[in-house]
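Participant: The structure under discussion is supplied below as structure tokens; questions concerning it will follow.
Only the coordinates and a few stated rules stand behind these numbers; no lab work does. This structure is a prediction, so every number in the text was calculated from the model and none was measured. With ideal geometry, Cβ positions are generated from the backbone for all residues, glycine too; neighbour counts draw on all protein chains shown.
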Amino acid sequence: MSCEELRDSYALYALGIVEDPEASEIREHLDRNCPVCVPGVRGARELMTQIGATAPAAEPPARLRRRVLAIPGGGRAARWNWSPVWAAIAAGALLAAFFFNARAHRAAAQLGRAEASLRRLQSESAARNRELARLNAALAILNQPGVKQVVFGGATPQPPRGRVFLDPAHGVLLLASNLPPAPPGKIYEMWVIPKAKGSRPLPAGLFQAAGDWTALHLLQGPVDVAGTAAVAVTLEPAAGAQTPHLPPVFAAPL
Amino acid sequence: MLLLPLLLALEFGEGDADLVRRLQRRDPRAMAELYDRYGRMVYALIVRVVRDGGVAEDLAQETFMRVWNRVQAFDAARGGLLPWMLAVARHRAIDYLRSAAGRMRNAVELTATDHPALFADMERTLLDSDRLRRVRTALEKLSENHRTVIELAYFEGLSQTEMAERMGQPLGTVKTWVRAALKNLRDDLGTAVTA
């Protein structure tokens, strides 16, 4: 990828949330000391440093200073002169520690399993809540009196086909069928294409087709329906794209 | 906010190169000086991430230990000591959050991004009070969703997928918010941020 294509990902890289392929591309540019990307990423790191410095003030406990000052002296314990009595006490303490440590390990393992189950249940519950919220938002668009409906792919027997609903206040809803799951490493991306000449297609979110080759995708928020020429879907890398890769999988002209 | 510690840090900032050289010579008194300059900022950042004073104390000590162990790789003449320390502190804190929550993804990525050489040549005025006031104002001007994704990414180390789950929003929406928030920050801060 070119430096220009990576430019928008410098800050994501500095935040630690950039995904492939941009992540590996940026690393490659940094490894070869790229004269564009090295200062670019440094500028993004500067922004992150400044965000970190906006954290509210907090007073550390006085003992933290003592703990930090002890760091340079670390590892000097070997100079101590252990007497046989102290050595025996230490051996007893070690045995006791082994015994209690084994018990603690068993308890920790049980706790770990319980926590894993809880996390799985929380994750499943969160997924159900998200799906419910998405369906509610879709219904909200369908229920709008002024919603504009566009059918695409209806005249052909081949996939995909479906409908797009646009509401100025609530957003865009795409319902598609006969849409195969995107190949590995790829994802579908929806675009809102403005009528105005020279305007760039606006990215409208990433989605995957379900196992039964259907898809429901929502772009929530105000949309300029009167100024929209079409809604289209393209196949993009898994991280999505800022400009669509042609040709589109399908387009629904308004 | 960190105004007082920052002013103190800037007051001492001129002597960072000398301090680094003394740390590299393993002078124990240099460690005391390092803590007195930057200890409060490091601790404040970690507390903001982990929200637990006891844990923050342990992680702040680990941060200073990492700096002590890796300071030989630091180029004293090229500066960037405080940005490097804040990066190390953030990474220790986020690694703690991730391991506590069973999230180890990206841990290698973070570890690889706090090498001291990556912070060389950062200007000394990067953290002056005017700059930080502008950053604070720019953050406050972001919409709530935009500010939330930046805070979740920076202070909690969440990936975009994890943010989508946390916020109950589609992944595409969160990605759009993140990019828009960063663009707004860049636009707002102008030349203060080069990328």
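Participant: Hey, what did region A:3-52 get for relative contact order, percent, Cα under 8 Å, at least 6 apart?
Facilitator: The normalised contact order for region A:3-52 reaches 45 percent.
Participant: Here is a follow-up. With +1 assigned to the C-beta of every Lys and Arg and -1 to the C-beta of every Asp and Glu, and no other charges, what is the dipole magnitude of region B:129-192 about the Cα centre in debye, to the nearest 20?
Facilitator: About 260 debye.
Participant: Write out the cysteines belonging to chain A for which the nearest other cysteine Cβ is not under 4.7 Å, or none if no such cysteine exists.
Facilitator: Unpaired cysteines in chain A: A:Cys3.
Participant: Given R₀ = 45 Å, what would the calculated FRET efficiency be for A:Asn136 paired with B:Arg29, taking r from the Cβ atoms and rounding to 0.05?
Facilitator: After rounding to 0.05, the efficiency reads 0.10.
Participant: To continue, here is another question. Between 0 and 90 degrees, rounded to the nearest ten: what's the tilt of helix A:37-52 against the longest Cα principal axis of chain A?
Facilitator: That helix lies at roughly 70 degrees to the long axis.
Participant: With angles folded into 0 to 90 degrees, how steeply does helix A:84-142 sit against the dominant principal axis of chain A? Use alpha carbons for both and round to 10.
Facilitator: Between helix and principal axis, roughly 10 degrees.
Participant: List the residues whose amide H sits under 5 Å from the amide H of A:Phe250, counting only those 5 or more places along or on another chain, with H placed 1.01 Å from N in the peptide plane.
Facilitator: Under 5 Å from the amide H of A:Phe250 lie the amide H atoms of A:Val233, each far enough along the sequence or on another chain.
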